[in-house]
1. Can you go through Ala366, Ala355, Ala333, Ala338 and tell me which one is assigned by TED's automatic domain parsing to the domain that holds Ala227, of a type in the set (Gly, Ala, Ser), part of a helix (DSSP H, G or I) and in contact (Cβ under 8 Å) with a residue 12 or more places away in the chain?
2. Looking at Ala346, Ala455, can you tell me which residue is buried (at least 24 other Cβ atoms within 10 Å of the Cβ) and under 26 Å from the mean Cα position of the chain (by Cα)?
3. How many residues does the range 302-321 contain that are surrounded by 21 or more Cβ atoms within 10 Å (Cβ to Cβ) and not in a loop (DSSP other than H, G, I, E, B)?
4. Does Lys195 meet the test of being touching a residue at least 12 places away in the same chain (Cβ under 8 Å), outside the structural domain of Leu452 (by TED's automatic domain parsing) and more than 26 Å from the chain's Cα centre (by Cα)?
5. What is the residue count in the range 206-222 for residues that are in contact (Cβ under 8 Å) with a residue 24 or more places away in the chain and surrounded by fewer than 20 Cβ atoms within 10 Å (Cβ to Cβ)?
6. Would you please list the contacts, defined by Cβ atoms under 6 Å and residues six or more apart or on different chains, that run from a residue in the range 508-533 that is in the same structural domain as Gln422 (by TED's automatic domain parsing) and under 15 Å from Asn553 (Cα atoms) to a residue that is outside any helix (DSSP H, G or I) and among the aliphatic types (A, V, I, L, M)?
7. Among the residues of the range 224-266, how many are within 21 Å of Ala346 (Cα to Cα) and of a type in the set (Phe, Trp, Tyr)?
8. Any residue at all in the range 149-163 that's farther than 21 Å from Pro206 by Cα, in the same structural domain as Ala40 (by TED's automatic domain parsing) and more than 24 Å from the chain's Cα centre (by Cα)?
Amino acid sequence: MSEHAPPEFGESERPGPDAGSEAEAQVESDAETPAVETGAGAVVAALERAGAETLFGVQGGAIMPVYDALYDSDLRHVTMAHEQGAAHAADAFGIVSGTPGVCLATSGPGATNLATGIADADMDSDPMVALTGQVPTEFVGNDAFQETDTTGLTAPITKTNYFAQSPDSVGDTVGEAFALAREGRPGPTLVDLPKDVTQAETTAGPGEPATPETHAPQIDADEEAVADAARTLERAEKPLILAGGGVVKGEASGELRTFAREYGVPVATSMPAVGCFPEDDDLAMEMIGMHGTGYANMAVTHCDVLLAVGTRFDDRLTGGVETFAPEAEVVHADIDPAEISKNVHADVALVGDAATVLDQLDAEVAHEPDCQEWREQCRQWKDEYAMDYRTPDDEPLKPQFVVEAFDEATDDDAIVTTGVGQHQMWAVQYWTFREPRTWVSSHGLGTMGYGLPAAIGAKVAAPDREVVTFEGDGSFLMTIQELAVAVRENLDITVAVLNNEYVGMVRQWQDAFYDGRHSASEYSWCPEFETVAAALAHDGPSVVDFRIDPQANVYPMVPSGGANGEFALSEDQL
């Protein structure tokens, strides 16, 4: 999306009958707008006016004017070791705080290094604003030093992006980007800032952050569809709620808990939704999907009505779509109409805000479904497929034990971040999550190295809460340089490295599907992480290198494209 330039300064319309009151309102508005002198100053003022508090970034030539303007700002800036780390930290800040995280980078390699983190936020619908420097406008398209087509590069991985064209309007553009990142279905936005635009003089400060008039997400679901969904739920004998990440993003966890408990409906979650429903509740079936619990996968396979709220039904959740919830009428609620029937056909479509739709349903449902026998069946499955593991004395340390020990030692509102791999799955399986926004991970993109910079962003967002990150040795190595940032900022985070000297999930798949041929998956060459940890022996971040059983695998497991109800509990069942 290109920036829409406002009328030039000095232009005005003929005063109307209410010109006096409009003029007074303008004076009041101008009083609230921070004074600016340059385009870069307008960028910073826009962030301040939008309510941003912390920025994560890396300095460089084309973004330098913005950093110069930050010198006199009260905004906190956390200098990261690498731009990818800046994007992940901003992403995690947005997940924990619910308000867009902001990351900055210079042009060229700075912008391309942000791309992985932007794509990660896009896949997971996380609110984030990226600001990138760009070569001066007259050089754009000439292959200038450190030039890249940042808006072209990021168009597929942002909710929208902008190429700033004028110092007079760049503040409003940044404000709009901030508003769009958080409104409706959240996601990352990006503003590309040519150096001549940020260096140019202007006195045009930003207005109140606002989305375009064309951005009008539907909040209330259609009343007839709500009534249809209510009747479907009332006659259900085996109902199941599937909560997706939209429940967390839409601040609908309270409404979900109220609805499920009032009508006695078991609840399963997608991985991004973990924590929105307490996993120690009798109705909790926990996580569904490839490495979900056996009982959640049994429940979705045998339910007769599936109320899915805020989920996009990705392939790691559904397995083979043709075998997903084969007996169920599907009621799908989502704020994004593009997700309805995209992957799984919806028998009843509820387009709207998650919290609002759940309130609408609660008001419409006349009685609890007759599903006592179903609840008992779900309890039996929880006993039959309990998440347990063997701990023989003659075998190495089990990663599941490490996760449970940390869970036991921390508060209920502790925040867990992870990288991606086996350690991610052990963390989500064996930690008992009770609150939303306490599970911070890379879901759709599956980005190794996410855990440590995410822990930095999470701790900055919630400085009074405990933050634990679980990393694998391979994943940790990808962003280990961010330890220096955690030390400099004196962030009290704990990094638990589940070290099996493999890229563990790859090794598990190689054993199961490639005859045990460990091509490029053995990581015995990694550095000694305890040496790194020793350098951090003070109040602040700590690293614990757990040498775990190198043969430990993640189960249950639904083979890619398989049926959820046919999960494997061991390799010989694959």
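1. So the residue among Ala366, Ala355, Ala333, Ala338 that is assigned by TED's automatic domain parsing to the domain that holds Ala227, of a type in the set (Gly, Ala, Ser), part of a helix (DSSP H, G or I) and in contact (Cβ under 8 Å) with a residue 12 or more places away in the chain is Ala355.
2. Details: Ala346 fails: buried (at least 24 other Cβ atoms within 10 Å of the Cβ).
Answer to the selection: Ala455.
3. Residues in the range 302-321 being surrounded by 21 or more Cβ atoms within 10 Å (Cβ to Cβ) and not in a loop (DSSP other than H, G, I, E, B): 7 in total.
4. Judged against the criteria, Lys195 is a match.
5. So the answer is 11.
6. Matching pairs, first to second residue: Ala512/Leu574; Ser521/Val503.
7. Selection size over the range 224-266: 1.
8. Yes, that holds for at least one residue.
The values are calculated or read from the model by the stated rules, or taken from the named source; none is laboratory data. Note that the structure is predicted; figures quoted are calculated from it, not measured. All Cβ positions, glycine included, derive from the backbone under ideal geometry; neighbour counts span all protein chains shown.
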